[in-house]
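Structure first, then comments.
The values are calculated or read from the model by the stated rules, or taken from the named source; none is laboratory data. Computed from a predicted model, the values in this text were never measured in an experiment. FYI the Cβ positions are ideal-geometry reconstructions off the backbone, even for glycines, and counts take in every protein chain you see. Side chains are part of the model used for accessible areas, which takes the heavy atoms of the whole protein and leaves out ligands, DNA and RNA. Shrake-Rupley method; radii C 1.70, N 1.55, O 1.52, S 1.80 Å.
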Amino acid sequence: KRRGENIEVAEPRNKLPGPAPSMPTDPALYSGSFPFYRRPSELGCFSLDAQRQYHGDAQALRYYSPPPTNGQGPNFDLRDGYPDRYQPRDEEIREGLDHLLRWLLDHRGQLEGGPGWLAGAIVTWRGHLTKLLTTPYERQEGWQLAASRFQGTLYLSEVETPAARAQRLARPPLLRELMYMGYKFEQYMCADKPGSSPDPSGEVNTNVAFCSVLRSRLGNHPLLFSGEVDCIDPQAPSTQPPTCYVELKTSKEMHSPGQWRSFYRHKLLKWWAQSFLLGIPNVVAGFRNPEGFICSLKTFPTMEMFEYVRNDRDGWNPSVCMNFCAAFLSFAQNTVVQDDPRLVYLFSWEPGSPVTVSKHQDAPYAFLPTWYVEAVTQ
Ligand code: 0WD
Ligand code: CA
């Protein structure tokens, strides 16, 4: 196992005195007022096809098509087609930021915000920011984020932790099926064309993805990030993305008030963080019974999720999430001092501990591909 050098030892020119920098994650430290978060605007999009090939268009975007609300509720068999009509993505392939960088390479000349905007921005996946937002409340899974500065821009790309890798490789069969069921729900709720109906007879191929690319700003941190979007609602009040997008989720059917409370405290936090970042106004949840059938649907407006925990001592607070994320981005901006695409500052966090940093040159942590670095260096 490769160990990162201590920053102070590795970089004698680093004039910062004292111990290696670290950052605490306790919620109490981040409970100020809600920070500025610019309304996310869509800069563009791209699609990944059934072979995971990149296309600079919206060909993989699907259309929200819920079942008619008259009569009974839905009765979606989420286990249908498993495993024979399932083409799961190869999770051994580490894509890093590659697809997003491909989009950026094609569009960097047309970015709004004025000259130099990109040089001051942070580029990452939405999912990485989601993990930052939920960190002050996370008690189970740690994370590692690799950071490189290149031509001013700070790039953040997640690294699978050894624990996450071990868990993935030992994923129990029931959990594999549960993952399939989430994608199967999308198939029951989405049509390929506006106005047509879902077709659950086909295959579920998780290589296929539609990704929106957005611009936002958290505090004084300009952001360019991309997130996978489940579908667009052709009947949404606004046709302007991202406000016409819908996020789909499945969850276990709940019966007792205690089960609902736990759902609000844990799951809604993750749903909120993910959809709030991208500016998705509604999350549509399908609740499955123990037999794997969706029997009810409920729409959770993103901006109303906090209400379920506002008066809960053990609830979460959006301000804490956003303040922590802003503080981490400042920490990262101040730590990643050298502009070098082959240099990686690895930020590591485990629940109950502060965020720590180590510094690495080239493999295995460097993540900015040479095709990107060379094209941008010209
Ligand atoms: O290589 C990596 N370490 C990762 C790559 C980690 C996370 C994401 N990605 C890439 C994938 O290429 C994926 O297409 O990012 C894309 C999704 O980006 P995101 O929107 O930033 O990720 P996130 O918000 O965590 O997930 C959104 C959806 C998920 O939906 P649910 O409802 O389960 O949150 O993207 C899917 C999943 O459907 N998804 C992935 N698909 C393929 N590979 C992955 C993944 N690793 N993670 C989430
Ligand atoms: Ca989803």
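Some values worked out for this structure:
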{"item": "Loop trypsin sites (Lys or Arg not before Pro), the stretch 85-167, which have at most 11 other Cβ atoms in a 10 Å radius of their Cβ (DSSP)", "result": "Arg139"}
{"item": "Dipole moment magnitude, nearest 20 debye, the stretch 229-378 about Cα centre, only Lys, Arg, Asp, Glu C-beta charged", "result": "480"}
{"item": "Length gained when the stretch Glu350-Arg102 is fully extended (0.36 nm per residue, less Cα-Cα span)", "result": "86.1 nm"}
{"item": "Degrees, to the nearest 10: 318-335 long Cα axis against longest axis of the chain", "result": "30"}
{"item": "Neighbour-limited loop hits for GluC sites (Glu not before Pro), the stretch 143-181 (at most 13 other Cβ within 10 Å; DSSP other than H, G, I, E, B)", "result": "none"}
{"item": "GNM result for the chain, Cα springs below 10 Å: residue of Ser262, Ser275, Ser212 fluctuating most strongly", "result": "Ser262"}
{"item": "Environment charge at Thr239 (Cβ cut-off 13 Å; Lys +1, Arg +1, Asp -1, Glu -1)", "result": "-2"}
{"item": "With every protein chain in place, the stretch 296-337: carbon and sulfur % of accessible area (1.4 Å)", "result": "45"}
{"item": "Thr377/Glu141 FRET efficiency (R0 45 Å; Cβ-Cβ; nearest 0.05)", "result": "0.80"}
{"item": "Local electrostatic count, Tyr82, Cβ distance below 12 Å [Lys/Arg +1, Asp/Glu -1]", "result": "-1"}
{"item": "Stretchable slack from Asn207 to Thr299, in nm (0.36 nm times residue separation minus alpha-carbon distance)", "result": "30.5 nm"}
{"item": "Distance-filtered residues of the stretch 182-207 - backbone nitrogen under 17 Å, label point 7 angstrom along Arg52 Cα→Cβ", "result": "204-207"}
{"item": "Where the chain is the region considered: accessible area per residue in Å², 1.4 Å probe", "result": "50"}
{"item": "Separation in nanometres of the label points that stand 7 Å from Cα toward Cβ, at Asp312 and Arg342", "result": "5.0"}
{"item": "Across Lys193/Lys249; Lys193/Lys267; Lys131/Lys359; Lys184/Lys298; Lys131/Lys193; Lys270/Lys359, pairs whose alpha-carbon gap is larger than 26 Å", "result": "Lys193/Lys267; Lys131/Lys193; Lys270/Lys359"}
{"item": "Peptides ranked, highest mean first, by Cβ atoms within 10 Å: ranges 75-81, 278-284, 37-43", "result": "278-284, 75-81, 37-43"}
{"item": "Theoretical FRET efficiency, 1/(1+(r/R0)^6), r = Cβ-Cβ of Ile93 and Asn70, R0 35 Å, to 0.05", "result": "0.20"}
{"item": "Antiparallel DSSP beta bridges within the chain, as percent of all bridges there, nearest 5", "result": "75"}
{"item": "Cα centroid separation, the stretch 222-296 to the stretch 326-378 (Å)", "result": "31"}
{"item": "Length gained when the stretch Phe34-Ala163 is fully extended (0.36 nm per residue, less Cα-Cα span)", "result": "43.1 nm"}
{"item": "Calculated [θ] (222 nm, deg cm²/dmol) that DSSP helices of n ≥ 4 give over the chain, each run adding -39,500 (n - 2.57)", "result": "-7000 deg cm²/dmol"}
{"item": "Arg79-Gln59 pseudo-label distance in nm [points 7 Å out on the Cα-to-Cβ vector]", "result": "3.6"}
